[in-house]
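Below is one structure, written out as structure tokens; comments come after it.
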Amino acid sequence: MSQRFAELSERFMALEPQLPQGPEREALSVLFAMTQEAWRQQGQASPSDGGLEWLRNLYKSAPKMEAAAVNPGLPVGSPAPDFSLPNAQGEHVRLSDFRGRPVVLVFYPLDWSPGCSQQLDLYQSELAEFERRGAQILGISVDSIYSHGAWAAVRRIAFPLLSDFHPKGEVARSYQVFRENDGFSERALYVVDGSGMIRYAHVSPYLHHVPPIEELFAALDTLRR
């Protein structure tokens with residue numbers, strides 16, 4: 001049964017990106033997440049190689065995302081556009097909720113993709129350093145709340161992932177990082193200070209480039225001087 005479960009799960013992961021956006025796709029994503037949770041609660045290894053490691057490592061064989069950036073993003077010194085987006089639990093989060101502390105906005109193309117898995121894993125592993133600097137991380141992509149919930153569970157991501165799903169890419173557009181021809185955002189970072197101003201901005205020159213985390217920490221450190 002474990003081997004069959006693995007085969008069906010891999011087939012779902014291959015087909016899911018081809019489904020049109022809408023309630024049907026969301027429902028299937030929820031069903032998939034429910035089956036994963038059922039396996040976890042029963043203490044069983046879903047596929048034969050044990051636990052969810054096979055699912056965590058699927059990004060290694062996923063299609064590469066290496067296209068060049070097509071948007072410049074908002075410049076440093078600009079007011080950060082406010083927004084309200086749902087997290088994986090369906091609760092709306094506003095940027096202005098965090099006035100008085102720095103916020104790191106992490107725009108990334110898609111859940112489950114190669115570079116995004118590595119980038120958010122990195123930030124999760126260094127979460128204590130962000131917290132030490134008083135910074136709140138908010139991940140933003142065009143994926144649904146259901147995809148965010150499943151992906152966060154698999155990758156053990158503790159910071160909020162916000163869904164820029166409908167109107168699709170509206171927040172990414174306001175930050176000038178939405179790729180119209182692709183239907184998702186650039187890989188982009190913004191550090192917003194406690195007054196709501198952009199103090200650091202970075203748009204990766206290629207989608208697969210993950211910005212140096214040292215630059216991000218340095219930008220946060222300047223806000224403390």
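The values are calculated or read from the model by the stated rules, or taken from the named source; none is laboratory data. Quick caveat: nothing in here was measured; it's all calculated off a predicted structure. Neighbour counts are summed over all protein chains in view; Cβ atoms, including those assigned to glycine, are modelled from backbone coordinates with ideal geometry. Note: accessible area is taken over every heavy atom of the protein model, side chains too, but ligands, DNA and RNA are not part of it. Shrake-Rupley method; radii C 1.70, N 1.55, O 1.52, S 1.80 Å.
A few points about this structure:
- Pairs where the first residue, in segment 197-224, is under 18 Å from Lys64 (Cβ atoms) and polar (S, T, N, Q) and the second is open to solvent by less than 70 Å² (accessible area, probe 1.4 Å) and assigned to a loop (DSSP other than H, G, I, E, B), C-beta under 7 Å, 6+ apart: Ser204/Ala69; Ser204/Glu186; Ser204/Arg187; Ser204/Pro211
- Qualifying residue in segment 115-122 (condition: among the hydrophobic types (A, V, I, L, M, F, W, C) and part of a loop (DSSP other than H, G, I, E, B)): no
- Residues of segment 172-216 satisfying the condition of being surrounded by fewer than 16 Cβ atoms within 10 Å (Cβ to Cβ) and among the aromatic types (Phe, Trp, Tyr): Tyr206
- If you go through segment 123-145 and keep only what is under 19 Å from Val177 (Cα atoms) and outside any loop (DSSP other than H, G, I, E, B), you end up with Ile137, Leu138, Gly139, Ile140, Ser141.
- Here Val154 does not fit the description of being under 19 Å from Pro72 (Cα atoms) and either in contact (Cβ under 8 Å) with a residue 60 or more places away in the chain or not in a strand (DSSP E or B) (or both).
- Matching residues, segment 89-105, being in contact with a helix residue (DSSP H, G or I) (Cβ under 7 Å, 6 or more places away or on another chain) and closer than 16 Å to Ser147 by Cβ: Gly90
- Test: residue in segment 191-201 that is of a type in the set (A, V, I, L, M) and either assigned to a loop (DSSP other than H, G, I, E, B) or in contact with an Asp or Glu (Cβ under 9 Å, 6 or more places away or on another chain) (or both): no
- Pairs meeting the criteria (first residue in segment 82-97 and farther than 22 Å from Asp193 by Cβ, second residue among the hydroxyl-bearing types (Ser, Thr, Tyr), beta carbons under 6 Å, at least 6 apart or on different chains) are Pro86/Ser163; His92/Ser84.
- For the residues Leu220, Leu216, the requirement of being over 25 Å from Pro114 (Cβ atoms), assigned to a helix (DSSP H, G or I) and not small (Gly, Ala, Ser) singles out Leu220.
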